[in-house]
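Below: one structure, written as C-alpha cells.
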Amino acid sequence: MPLPTELIRRGDRRRVPWKNGAGVTEEIAVDATVAPRWRVSVADLGDAATEFSAFEGRSRVFTVIGTYGVTFDWRGGTTAIEPLRPFGFDGERTPRCIPDGATGAFNVMVDRRTTTASVSVHDLVDSTVNTDIHAVTVFYVHSGRVEAGSRSADAGDCIVIRLDSVEIRGTGKVLIAEIRDRPTPG
C-alpha cells in the first residue's frame, strides 16, 4: 500500500513503453486498484513527430514541461501547445505530436467514468500550498525546490500526496495535478 506522502525522485520513476510502442513514459504514480483509474507520468517527446496511443474511456491532461512547445495534428486541424499550459483532451483521440524542438510532457490520465483530474501551474515564492484531503495531489517540481514535511524535492522530482492535508512550501515553479473521485449519482 502506498504511503500517504511519497517522494518520487527523477531517477526512481519506472520506465514503461507507450501502448503503441512509439515511445517511453516514466510513471510517477498509478492508482493502486485492480483496474487503475488514473496514472501520472512524464514522457520524453524528443524532437521528432510521433503518434499518441488511444486510451478508450480516458481523459488526458497534457502539459509540456520542456523548453519547446508542440503542435497536435488532429487530421483536419492543429492545436499549438505552449510549455506549461495544461491541455485536456479525450484519450480516444490520437493526435500526431510535432515538437518544436526536444521537449517533454507531464501527463495525467483518468477513467472519465469514475475520476476527474485538473492540472495547474504555480509559482511558489517562499509560499505554501495546502493539499485537499479529498484528492490525490501530485506536485511536479519544474524548477526550484519544494518541501512536504521532512521531504525535499528538486527540479524533476515529484511529491505524491494521497487523500491527506499536507502543507507544501518552497520556492520554484510547480505543476499541481489534483485527482478526485467523480461524485456518484443519487
(message) So, G172, is that one in contact (Cβ under 8 Å) with a residue 24 or more places away in the chain, over 19 Å from P86 (Cα atoms) and assigned to a strand (DSSP E or B) or not?
(response) no
(message) So, D12, is that one exposed (fewer than 13 other Cβ atoms within 10 Å of the Cβ) and at negative phi or not?
(response) yes
(request) Looking only at the stretch 42-66, count how many residues are over 17 Å from F89 (Cα atoms) and assigned to a loop (DSSP other than H, G, I, E, B). (result) 5
(message) Condition (residue is surrounded by 14 or more Cβ atoms within 10 Å (Cβ to Cβ) and more than 27 Å from S59 (Cβ to Cβ)) applied to the stretch 158-169: is it met by at least one residue?
(response) yes
(request) Return yes when R60 is charged (D, E, K, R), touching a Phe, Trp or Tyr at 6+ places or on another chain (Cβ under 7 Å), surrounded by 13 or more Cβ atoms within 10 Å (Cβ to Cβ) and at pLDDT 95 or above and no when it is not. (result) yes
(request) Kindly establish whether R113 is of a type in the set (D, E, K, R), part of a loop (DSSP other than H, G, I, E, B), over 21 Å from W18 (Cα atoms) and in contact with a Lys or Arg (Cβ under 8 Å, 6 or more places away or on another chain). (result) yes
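The values are calculated or read from the model by the stated rules, or taken from the named source; none is laboratory data. Just so it is clear, the model here is predicted, and its values are computed rather than measured. Cβ: placed from backbone, ideal geometry, glycine included. Neighbour counts: every protein chain shown.
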